[in-house]
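Below is one structure, written out as structure tokens; the observations come after it.
Derivation of every value follows stated rules applied to the coordinates shown; laboratory data play no part. On a predicted model such as this, the values are computed, not experimentally measured, just so you know. Ideal geometry is used to build each Cβ from the backbone, glycine not excepted, and the neighbour counts take in all protein chains shown.
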Amino acid sequence: MQNINVYTEAVRHFAEANPGEMAANAGARYNETEKLINLKYLGHNVSVKHPSGKIRWDFPEMIEINDQVLILQYLRQSCGISPRGNWISFMQLPDGPHHHKPFVIEAIRPLAGTFGSDSHGLEEFRVMAEKFSATFLEMGDCGAVIPVFPKLPLAVCIWAGDDEFEANANILFDTTAPLHLTTAALWVLGVEVSRKLRNTIGQQYINDVY
């Protein structure tokens, strides 16, 4: 019920905003004839109908309600500032310390457990990250920048465990991230990216329709 309420609120705010301005600020394109905002989400094409907020996608898996809320919130809240390429932890976000422990439990530890066991796990991480158009960076034993939205990337880093150290992971945010989504929404975003990286890709679902 809570997710439905959040979704309804996100649609309401989206419908009240100017679609052309939202698209310009979010790094998206607006098709005035079809009333569609076209943007990238996790490297895939997404189209959002204005003012209904209905979403069509080309994902190989279903976009669930959390994804839809995040897309609508990003379009409504993005301020147009491009990412700086400077990374901060969840703890450094506004009010981040208050939500850090559940973020570690829900997003970070599962990544370490799935991909940090050995070199095979690191290779699996590379393969999964590439499915979301990631670019790789020298951070951890394997680090990837995932373009979640055009102006809101995340950096995911994995450290493989060995006889001395446990496997570890982290999710980092560009310093401009709080200008595009609230900390609560960034929490959900990190959890969803973690979950999608760990999910098996390949199952096909039927797209939403307008």
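Take the alpha-carbon positions of segment 112-152, form their convex hull, and give its projected area averaged over all directions (one quarter of the hull surface) in nm².
Working: hull surface 12.1 nm².
So the mean shadow area of the Cα hull is 3.0 nm².
How large is Rg over Rh for segment 91-137, taking Rg from the Cα atoms and Rh as the Kirkwood inverse mean of 1/r across Cα pairs?
Taking Rh as the inverse mean 1/r over Cα pairs, Rg/Rh reads 1.09.
Would you compute, for the Cα atoms of segment 2-77, the largest minus smallest coordinate along each principal axis and list the three values in descending order, in whole Å?
For segment 2-77, the Cα spread along each principal axis is 31, 28, 19 Å.
Please compare each pair in Lys54/Lys101; Lys101/Lys196; Lys49/Lys101 to a cut-off of 26 Å on the Cα-Cα distance and tell me which ones are over it.
Lys54/Lys101; Lys49/Lys101
Rounded to the nearest 20 debye, what is the charge dipole size of the chain about its Cα centre when +1 sits on each Lys and Arg Cβ and -1 on each Asp and Glu Cβ?
Roughly 840 debye, rounded to the nearest 20.
For P(r) over Cα pairs in 5 Å bins from 0, in percent, pick the label among (i) 1, 7, 15, 19, 20, 16, 11, 6, 3, 1, 0, 0, 0; (ii) 1, 6, 13, 15, 16, 16, 13, 10, 6, 3, 1, 0; (iii) 1, 7, 13, 14, 13, 11, 11, 10, 9, 6, 4, 2, 0, 0 that corresponds to the value derived from the coordinates.
Given (i) 1, 7, 15, 19, 20, 16, 11, 6, 3, 1, 0, 0, 0; (ii) 1, 6, 13, 15, 16, 16, 13, 10, 6, 3, 1, 0; (iii) 1, 7, 13, 14, 13, 11, 11, 10, 9, 6, 4, 2, 0, 0, the structure-derived one carries the label (i).
If we sort 185-191, 51-57 on the protection proxy, mean other Cβ atoms within 10 Å, highest first, what's the order?
Values: 185-191: 22.0, 51-57: 16.9.
The most tightly packed comes first, giving 185-191, 51-57.
Hey, got the dipole for segment 2-77? About the Cα centre, +1 on K and R Cβ, -1 on D and E Cβ, debye to the nearest 20?
Taking the Cα centre of segment 2-77 as origin, the dipole is about 120 debye.
Kindly list the residues of segment 60-98 that lie in the label zone of Leu179, defined by a backbone N under 13 Å from the point 7 Å along the Cα-to-C-beta vector.
Residues passing the 13 Å test: 78-86.
If each DSSP helix of 4+ residues adds -39,500 (n - 2.57) and the sum is divided by the residues in the chain, what number results at 222 nm, nearest 500 deg cm²/dmol?
Working: 7 runs with 79 residues, N = 210.
Computed mean residue ellipticity for the chain: -11500 deg cm²/dmol.
To the nearest 0.05, what FRET efficiency results for His44 and Asn3 with a Förster distance of 22 Å applied to their C-beta separation?
Calculated value: 0.55.
In segment 31-58, whose amide N lies under 16 Å from the spot 7 Å out along Cα-to-Cβ of Ser133? List them in ranges.
Under cut-off, by backbone N: 37-48, 56-58.
For Lys35 and Ile65 in the same chain, what is the full-extension length gain: residue separation times 0.36 nm, less their Cα-Cα distance, in nm?
8.6 nm
Which whole-Hz couplings ³J(HN,Hα) result when phi for each residue of segment 147-157 is put into the Karplus expression 6.51 cos²θ - 1.76 cosθ + 1.60, θ = phi - 60°, listed in order with x for Gly and Pro?
Going residue by residue, I get x, 4, 10, x, 10, 9, x, 10, 10, 10, 10 Hz, with x marking Gly and Pro.
Can you tell which of Asn168, Asn66, Asn199 shows the greatest fluctuation in a Gaussian network model of the chain with Cα springs below 10 Å?
Among Asn168, Asn66, Asn199, the largest GNM mean-square fluctuation belongs to Asn199.
Distance between Cα centroids, segment 78-123 to segment 149-196: provide it in whole Å.
One Cα centre to the other: 2 Å.
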